[in-house]
Amino acid sequence: MSCMPRVTVALFCYNQEKYIRQALESCLSQDYPDLKIVVSDDASSDGTVDIIREVLGCYSGPHEVVFNQNP
């Protein structure tokens, strides 16, 4: 049983298709044992959401991941 506290990382984005893959993959690759990752997109009009869905669709790691897409 770990003595380390639960940590939540929030990744907020809007029209970041150029950078979102690298940012999200960086979050997902963290080795902290009890990590929750919240990804929130603020109605991007470019390909940001498609990239998020692609990366998360392939993710099978240990972290809890929540994706929020604002209308």
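Against the 2.2 N^0.38 Å scaling, with N counting residues, where does the chain land? I'd like the Cα-based Rg ratio to two decimal places. If you can, show how the numbers build up before the last one.
Numbers: Rg = 12.6 Å, N = 71, 2.2 N^0.38 = 11.1 Å.
Expressed relative to 2.2 N^0.38 Å, the Cα Rg reads 1.13.
Placing R0 at 30 angstrom, the Cβ-Cβ distance between Gln69 and Asp31 gives a FRET efficiency of 0.65 after rounding to 0.05. The phi-based Karplus calculation (6.51 cos²θ - 1.76 cosθ + 1.60; θ = phi - 60°) puts the 3J(HN,Hα) values of the stretch 12-21 at 9, 8, 7, 6, 10, 4, 6, 10, 5, 4 Hz, whole numbers, x for Gly and Pro.
Annotation: amide H-H contacts under 5 Å for Leu11 (H modelled 1.01 Å from N, sequence separation of 5 or more, or interchain): Val38, Val39, Ser40. In this structure Glu17 has an accessible area near 90 Å², from a 1.4 Å probe over the protein heavy atoms.
The modelled label-to-label distance between Val7 and Asp50, using points 7 Å beyond Cα along the C-beta direction, is 3.4 nm.
For Asp46, nonlocal amide neighbours, meaning residues 5 or more places apart or on other chains whose placed amide H falls under 5 Å from its own, are Asn15.
The values are calculated or read from the model by the stated rules, or taken from the named source; none is laboratory data. Treat the numbers as computed from the prediction; the structure is a model and nothing was measured. So basically every Cβ, Gly included, is an ideal-geometry build from the backbone, and we count neighbours across all protein chains shown. Quick note on the areas: whole protein, heavy atoms, side chains included, nothing else; ligands and nucleic acids left out. Shrake-Rupley method; radii C 1.70, N 1.55, O 1.52, S 1.80 Å.
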